[in-house]
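J.: After the structure tokens below, expect a handful of questions from me.
Read the figures in this text as sums done on the coordinates, not as results from a lab. Predicted model only: the values in this text are computed from it and were never measured. Methodologically, a virtual Cβ is constructed for each residue, glycine included, from the backbone with ideal geometry; neighbour enumeration extends over all protein chains shown.
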Amino acid sequence: MIISTMEHTKLNYEFIKTHVEHDKVGIITLHRPKQLNALNTELMLELGHALKAFDAQLEVGCIIITGNEKAFAAGADISAMANYEFSDVYSSDFITKDWEIIRQIRKPVIAAVSGFALGGGCELAMMCDFIVAADNAKFGQPEIKLGIIPGAGGTQRLPRAVGKSKAMDMVLTARMMDAKEAEQAGLVSRIVALESLMPETISIALTIAQYPRLAVLAAKESVQRAFEGSLSDGIMYERRLFHSLFSTQDQKEGMSAFINKRPPVFHNK
Ligand code: HXC
């Protein structure tokens, strides 16, 4: 990543693309297509930088994060995490340090999701203020298959969005939810045809961007309060459990099996 200035147009990102639509809507496109936009630290740093730049850019009134047709993001980068130890993730404050810049953004952030939004990808979408889903979107928290649990707020935000029963089902079975189920459950605010995802989401963002900025900021801040408080405690609790799972053999086995394209053999250790 080469960052010459906070002015977004002069940035040269490696894993994301940014542009402004209609002078008012900042668009961030996750761009690791070969890895289905798997989220690594570099990408998350770039995303955080771009979000802050749009938040600071006066004419921008709303921000959209999107991916490509096949994937919003298929999760945190398993290859990058596979050899992490507890001491690595705990001492570097993995996730908390690089992933949560989005929580500091005051302007509305919409996730425009097509294709897979899995693991950290689903969690990133849930960190946004709301989700617009294309009809091919698929949401899931499949971390259990890798010997870990969601670590970027999934165990806290998913139950708040869809209720305990469905959240437990998703987190414990690793099954995916399609766009229709996600809308019915309250995870996404609207479904649109795949080809209309960006035009429709930009139109929604323009609606928001036309409203008085201070009211928009206050409205977002106020709705957020409904989810704060115990959420932070819950996320901290989740984070420490997530970190500790990097000390298990099954995490190494689950990630190694994924990378080597073979079935995992777990020993519950
Ligand atoms: C690294 C990934 C990846 C990931 C996909 N790829 N997901 N690499 N990390 N999360 C890579 C594949 O290895 C493959 O690389 C390429 O992207 C295309 O993926 P395929 O598997 O060939 O595609 P397909 O058969 O269409 O299957 C799509 C899929 C599957 C169902 C989404 O890729 C999958 O199950 N991915 C893992 C999903 C997951 O477990 N996510 C949770 C991660 S843990 P090559 O080189 O072979 O072409 C997580 C923890 C969050 O997110 C904790 C806090 C952040």
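J.: What angle do you read, to the nearest 10 degrees and between 0 and 90, between the alpha-carbon axis of helix 249-259 and the longest principal axis of the chain?
T.: 60 degrees
J.: Would you look at the GNM of the chain, springs on alpha carbons closer than 10 Å, and say which of 225, 213, 103 moves the most?
T.: So, out of 225, 213, 103, the one fluctuating most is 225.
J.: Once each part is reduced to its C-alpha centroid, what is the distance from region 35-93 to region 115-131 in angstrom?
T.: Each part's Cα centre sits 11 Å from the other's.
J.: Please determine, in degrees from 0 to 90 and to the nearest 10, the orientation of helix 41-56 with respect to the longest principal axis defined by the Cα atoms of the chain, where the helix direction is its Cα long axis.
T.: 20 degrees
J.: Would you kindly state how much longer the chain becomes between residue 206 and residue 193 on full extension, computed as 0.36 nm times their sequence separation minus their alpha carbon distance, in nm to one decimal?
T.: That pair, residue 206 and residue 193, stretches by 2.8 nm at full extension.
J.: Taking the square root of 5 times each eigenvalue of the Cα gyration tensor, what semi-axes in Å does the equivalent ellipsoid of the chain have, largest first?
T.: 30, 20, 18
J.: Still on this structure, please answer the following. Report for the chain the percent antiparallel among DSSP-assigned beta bridges with both residues inside it, nearest 5.
T.: 30 percent
J.: Measure nothing but the geometry: give the 0 to 90° angle between the long axis through the Cα atoms of 164-173 and the longest principal axis through the Cα atoms of the chain, rounded to 10°.
T.: Orientation of helix 164-173: about 50 degrees from the principal axis.
J.: Kindly provide the GluC sites (Glu not before Pro) of region 161-269 that DSSP labels as loop, not H, G, I, E or B, and whose Cβ sees at most 15 other Cβ atoms within 10 Å.
T.: 228
J.: Report the extension gain between residue 218 and residue 56 in nm, rounded to one decimal, defined as 0.36 nm multiplied by the number of residues separating them, less their alpha carbon distance.
T.: 56.7 nm
J.: Report, ordered by chain and residue number, the lysines lying within cross-link reach of residue 269, taken as a straight Cα distance under 30 Å and ignoring same-chain residues fewer than 8 apart.
T.: Hits, sequence-local ones excluded: 97, 145, 164, 166, 252, 261.
J.: Continuing with the same structure: Using helices alone, what [θ] at 222 nm do you get for the chain, with -39,500 (n - 2.57) per DSSP H run of 4 or more residues, divided over all residues and rounded to the nearest 500?
T.: Mean residue ellipticity, 222 nm, calculated: -12500 deg cm²/dmol.
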